[in-house]
Amino acid sequence: QVQLVESGGGLVQPGGSLRLSCAASGRIFSINKMGWYRQAPGKQRELVAVIISGGITNYADSVKGRFTISRDIAKNTVYLQMNSLKPEDTAVYYCNAEIRRPSDFLTYNYWGQGTQVTVSS
């Protein structure tokens, strides 16, 4: 079994910062990519940022220049540093990982349980 456990959400004022963490645990052979998605009330889940093998990153246009995704390969952990937060960043943030399992060497997609980020004065 593989689990993704997120932490770091909360309430912050506009212009503030938060750092999200997501740790993958369980039977893992390798991780192809890890990323963050978010879903605001009444909206579809959308990609925020992703980091793939080799350190290549991709960001949604709405967060470029404000958010930074990074990864600690040894700890199977991905981080999302969020600066200059805006009210429109309010959403549940979900961690996502594409993981190759040692049992069959196939790749599976996993999701975390989500962490609430609220930007409000």
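Some points to look at:
- Single condition residue 72 does not satisfy, out of (1) under 17 Å from residue 7 (Cβ atoms); (2) open to solvent by less than 30 Å² (accessible area, probe 1.4 Å): (2)
- Strands (runs of 3 or more DSSP E) within the stretch 1-78 that include 2 or more residues in contact with a Ser or Thr (Cβ under 8 Å, 6 or more places away or on another chain): 2-7, 10-12, 18-26, 30-39, 46-52, 67-72
- Test for residue 80: is it under 14 Å from the mean Cα position of the chain (by Cα) and open to solvent by less than 40 Å² (accessible area, probe 1.4 Å): yes
- Within the stretch 94-121, the set of residues being free of Cβ contacts under 8 Å to residues at least 60 places away in the same chain and part of a strand (DSSP E or B) comprises 109 only.
- Residue count for the stretch 45-61 satisfying the condition of being open to solvent by 60 Å² or more (accessible area, probe 1.4 Å) and within 19 Å of residue 114 (Cβ to Cβ): 2.
- Apart from one condition, residue 115 fits all of (1) out of contact with any Leu (no Cβ under 7 Å at 6 or more places or on another chain); (2) open to solvent by less than 60 Å² (accessible area, probe 1.4 Å); (3) polar (S, T, N, Q); the exception is (1).
- Search result, residues across the stretch 83-105 that are small (Gly, Ala, Ser) and surrounded by 13 or more Cβ atoms within 10 Å (Cβ to Cβ): 84, 91, 97
- Qualifying residues in the stretch 26-44 (those that are polar (S, T, N, Q) and farther than 18 Å from residue 108 by Cα) - the one most open to solvent (accessible area, probe 1.4 Å): 44
The values are calculated or read from the model by the stated rules, or taken from the named source; none is laboratory data. Note that this is a predicted model, so its numbers are computed, not measured. Cβ atoms come from the backbone with ideal geometry, glycine included; neighbour counts cover every protein chain shown. Remember, those area values only see protein heavy atoms, side chains included, never the ligands or the DNA or RNA. Shrake-Rupley method; radii C 1.70, N 1.55, O 1.52, S 1.80 Å.
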